[in-house]
Amino acid sequence: MPLLPRLLRLVRQEASSIYCRRRCLTTMSSGKRLRVLVDMDGVIADFEGGFLKKYRARYPNDPFITLEDRRGFWVSTQYGQLRSDLCEKAISIWESKNFFIELEPLPGGVEAVKEMAQMENTDVFICTSPIKHYHHCPYEKYAWVEKHLGPDFLEQIILTRDKTVVTGDILIDDKPDILGKAMHWCVFTVQVWCM
(Lines give C-alpha, C1' and ligand atoms only; values in the text may rest on other atoms or scores of the structure.)
Protein backbone atom coordinates (compact mmCIF):
# COMPACT_ATOMS: atom_id res chain seq x y z
CA MET A 1 0.00 0.00 0.00
CA PRO A 2 1.41 3.44 -0.90
CA LEU A 3 2.59 5.63 1.96
CA LEU A 4 -0.17 8.28 1.73
CA PRO A 5 -3.13 5.99 2.44
CA ARG A 6 -1.15 4.05 5.06
CA LEU A 7 -0.20 7.17 7.07
CA LEU A 8 -3.67 8.63 6.91
CA ARG A 9 -5.23 5.29 7.87
CA LEU A 10 -2.86 5.06 10.86
CA VAL A 11 -3.79 8.52 12.14
CA ARG A 12 -7.52 7.88 11.70
CA GLN A 13 -7.25 4.49 13.40
CA GLU A 14 -5.23 5.95 16.24
CA ALA A 15 -7.99 8.38 17.12
CA SER A 16 -10.21 5.38 17.86
CA SER A 17 -7.70 2.69 18.91
CA ILE A 18 -8.11 0.82 22.16
CA TYR A 19 -4.41 1.26 22.99
CA CYS A 20 -4.49 5.05 23.08
CA ARG A 21 -8.21 5.81 23.06
CA ARG A 22 -8.19 7.41 26.49
CA ARG A 23 -5.30 9.80 25.70
CA CYS A 24 -6.53 10.76 22.24
CA LEU A 25 -10.21 11.07 23.20
CA THR A 26 -9.30 13.03 26.31
CA THR A 27 -7.21 15.33 24.14
CA MET A 28 -10.00 15.76 21.60
CA SER A 29 -12.90 16.01 24.08
CA SER A 30 -11.09 18.59 26.20
CA GLY A 31 -10.92 20.90 23.21
CA LYS A 32 -7.24 20.24 22.62
CA ARG A 33 -5.99 19.34 19.20
CA LEU A 34 -4.47 16.00 18.27
CA ARG A 35 -0.69 16.45 17.89
CA VAL A 36 0.91 14.24 15.23
CA LEU A 37 4.71 14.05 15.06
CA VAL A 38 6.08 12.83 11.72
CA ASP A 39 9.71 11.83 11.27
CA MET A 40 11.39 13.10 8.12
CA ASP A 41 14.15 10.70 6.99
CA GLY A 42 12.71 7.36 5.92
CA VAL A 43 9.10 8.48 6.39
CA ILE A 44 8.59 11.40 4.02
CA ALA A 45 12.16 11.84 2.65
CA ASP A 46 13.88 8.98 0.82
CA PHE A 47 16.98 8.56 2.96
CA GLU A 48 17.71 5.04 1.67
CA GLY A 49 17.42 5.91 -2.02
CA GLY A 50 19.37 9.14 -1.60
CA PHE A 51 22.10 7.34 0.31
CA LEU A 52 22.49 4.56 -2.26
CA LYS A 53 22.64 7.00 -5.18
CA LYS A 54 25.35 9.15 -3.55
CA TYR A 55 27.28 6.16 -2.20
CA ARG A 56 27.51 4.53 -5.62
CA ALA A 57 28.56 7.83 -7.20
CA ARG A 58 31.29 8.49 -4.61
CA TYR A 59 32.51 4.88 -4.27
CA PRO A 60 31.80 3.24 -7.64
CA ASN A 61 34.34 0.43 -7.13
CA ASP A 62 33.18 -0.56 -3.64
CA PRO A 63 30.49 -3.14 -2.90
CA PHE A 64 27.02 -1.81 -2.10
CA ILE A 65 23.73 -3.11 -0.75
CA THR A 66 20.69 -2.84 -3.00
CA LEU A 67 17.50 -1.40 -1.55
CA GLU A 68 15.94 -4.85 -1.78
CA ASP A 69 18.75 -6.33 0.34
CA ARG A 70 18.79 -3.61 3.03
CA ARG A 71 18.01 -4.95 6.50
CA GLY A 72 17.79 -3.17 9.81
CA PHE A 73 17.61 0.49 10.66
CA TRP A 74 21.29 1.46 10.66
CA VAL A 75 22.75 1.67 7.15
CA SER A 76 26.30 2.00 8.49
CA THR A 77 25.98 -1.23 10.53
CA GLN A 78 24.98 -3.30 7.53
CA TYR A 79 27.72 -1.77 5.37
CA GLY A 80 30.26 -2.43 8.15
CA GLN A 81 29.19 -6.07 8.17
CA LEU A 82 29.77 -6.20 4.42
CA ARG A 83 33.33 -4.88 4.87
CA SER A 84 34.73 -3.07 7.92
CA ASP A 85 35.91 0.08 6.10
CA LEU A 86 32.49 0.61 4.50
CA CYS A 87 30.91 1.71 7.79
CA GLU A 88 32.86 5.00 7.80
CA LYS A 89 32.33 5.45 4.07
CA ALA A 90 28.58 5.10 4.59
CA ILE A 91 28.58 7.66 7.39
CA SER A 92 30.56 10.09 5.21
CA ILE A 93 27.68 10.15 2.73
CA TRP A 94 25.06 11.61 5.07
CA GLU A 95 27.61 13.87 6.72
CA SER A 96 28.37 15.51 3.38
CA LYS A 97 26.99 18.80 2.13
CA ASN A 98 23.72 18.60 0.17
CA PHE A 99 22.83 15.08 1.33
CA PHE A 100 19.62 15.99 3.17
CA ILE A 101 18.52 18.84 0.95
CA GLU A 102 18.74 16.64 -2.17
CA LEU A 103 16.67 13.75 -0.79
CA GLU A 104 13.63 12.99 -2.90
CA PRO A 105 10.25 12.78 -1.18
CA LEU A 106 8.95 9.26 -0.65
CA PRO A 107 5.87 8.63 -2.81
CA GLY A 108 2.79 9.95 -1.07
CA GLY A 109 4.61 11.17 2.03
CA VAL A 110 4.42 14.91 1.43
CA GLU A 111 0.79 14.60 0.33
CA ALA A 112 -0.01 12.61 3.50
CA VAL A 113 1.51 15.27 5.75
CA LYS A 114 -0.37 18.05 3.95
CA GLU A 115 -3.64 16.12 4.18
CA MET A 116 -3.14 15.32 7.87
CA ALA A 117 -2.42 19.01 8.51
CA GLN A 118 -5.87 19.80 7.07
CA MET A 119 -7.67 17.29 9.32
CA GLU A 120 -10.00 18.80 11.89
CA ASN A 121 -8.48 19.36 15.36
CA THR A 122 -5.08 18.06 14.21
CA ASP A 123 -1.64 19.68 14.34
CA VAL A 124 1.16 18.04 12.39
CA PHE A 125 4.83 18.60 13.18
CA ILE A 126 7.95 17.31 11.46
CA CYS A 127 9.91 15.82 14.38
CA THR A 128 13.35 14.89 13.12
CA SER A 129 16.75 14.16 14.63
CA PRO A 130 19.83 15.92 13.31
CA ILE A 131 22.93 13.79 12.90
CA LYS A 132 25.75 14.33 15.40
CA HIS A 133 28.02 15.76 12.67
CA TYR A 134 25.63 18.67 12.25
CA HIS A 135 27.43 21.14 9.98
CA HIS A 136 24.95 20.79 7.12
CA CYS A 137 22.10 18.71 8.47
CA PRO A 138 19.87 21.17 10.43
CA TYR A 139 19.90 23.84 7.70
CA GLU A 140 19.28 21.27 4.98
CA LYS A 141 16.36 19.70 6.86
CA TYR A 142 14.71 23.12 7.15
CA ALA A 143 15.40 23.82 3.48
CA TRP A 144 13.93 20.42 2.50
CA VAL A 145 10.73 21.13 4.44
CA GLU A 146 10.41 24.58 2.88
CA LYS A 147 10.94 23.15 -0.60
CA HIS A 148 8.49 20.25 -0.28
CA LEU A 149 5.94 21.39 2.33
CA GLY A 150 6.13 25.15 1.88
CA PRO A 151 7.41 28.07 3.97
CA ASP A 152 4.44 28.00 6.37
CA PHE A 153 5.51 24.54 7.52
CA LEU A 154 8.85 25.91 8.81
CA GLU A 155 7.00 26.78 12.03
CA GLN A 156 6.08 23.09 12.38
CA ILE A 157 9.64 21.68 12.59
CA ILE A 158 11.05 20.16 15.76
CA LEU A 159 14.72 19.14 15.73
CA THR A 160 15.72 16.97 18.67
CA ARG A 161 18.09 14.11 19.44
CA ASP A 162 15.53 12.68 21.92
CA LYS A 163 12.02 12.56 20.48
CA THR A 164 10.57 11.24 23.74
CA VAL A 165 10.86 14.68 25.35
CA VAL A 166 8.49 16.14 22.74
CA THR A 167 4.84 16.17 23.74
CA GLY A 168 2.54 14.63 21.17
CA ASP A 169 -0.24 12.10 20.74
CA ILE A 170 1.12 10.13 17.78
CA LEU A 171 4.64 9.63 16.43
CA ILE A 172 5.11 8.21 12.92
CA ASP A 173 8.73 7.09 12.60
CA ASP A 174 10.85 4.54 10.75
CA LYS A 175 13.06 3.77 13.74
CA PRO A 176 11.86 0.57 15.41
CA ASP A 177 13.17 1.39 18.90
CA ILE A 178 12.45 4.92 20.06
CA LEU A 179 14.22 5.32 23.39
CA GLY A 180 14.71 8.32 25.61
CA LYS A 181 13.77 10.09 28.79
CA ALA A 182 9.97 9.93 28.49
CA MET A 183 7.17 8.66 26.27
CA HIS A 184 4.32 11.04 25.50
CA TRP A 185 2.71 9.42 22.48
CA CYS A 186 1.65 6.32 20.61
CA VAL A 187 4.30 5.16 18.13
CA PHE A 188 3.66 3.89 14.62
CA THR A 189 6.73 2.46 12.95
CA VAL A 190 6.85 2.85 9.18
CA GLN A 191 9.75 0.68 8.05
CA VAL A 192 10.31 1.64 4.44
CA TRP A 193 13.61 -0.24 4.37
CA CYS A 194 11.94 -3.62 4.90
CA MET A 195 9.03 -3.32 2.43
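The values are calculated or read from the model by the stated rules, or taken from the named source; none is laboratory data. Everything numeric in this text was worked out from a predicted model, so none of it was measured. Here the Cβ positions follow ideal geometry from the backbone for every residue, glycine too, while neighbour counts run over all protein chains shown. Accessible surface is based on the protein model in full, side chains and every heavy atom, while ligands, DNA and RNA are left aside. Shrake-Rupley method; radii C 1.70, N 1.55, O 1.52, S 1.80 Å.
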Subject >> Cα pair count fraction exceeding 21 Å, expressed as % - the stretch 105-182 >> reply: 31
Original post:
Any idea which of Met116, Phe153, Ser129 is furthest toward the positive side of the dipole for the stretch 106-161, if Lys and Arg beta-carbons carry +1 and Asp and Glu beta-carbons -1?
Top reply: Ser129
**OP:** Would you please put 93-100, 44-51 in order of how densely packed they are, using the mean number of other Cβ atoms within 10 angstrom per residue and starting with the highest?
**Re:** 44-51, 93-100
Original post:
Gain in length, Arg83 to Arg71, computed as 0.36 nm per residue apart minus the alpha-carbon separation, to one decimal in nm?
Top reply: 2.8 nm
Subject >> Förster radius 22 Å - calculated FRET efficiency between Arg56 and Leu154, Cβ distance, rounded to 0.05 >> reply: 0.10
Original post:
Going from most exposed to least, what order do Leu159, Leu106, Leu67 have by accessible area with a 1.4 Å probe?
Top reply: Leu67, Leu159, Leu106
**OP:** Might you report the magnitude of the Cβ-based charge dipole of the stretch 60-180 about its Cα centre, with Lys and Arg at +1 and Asp and Glu at -1, to the nearest 20 debye?
**Re:** 460
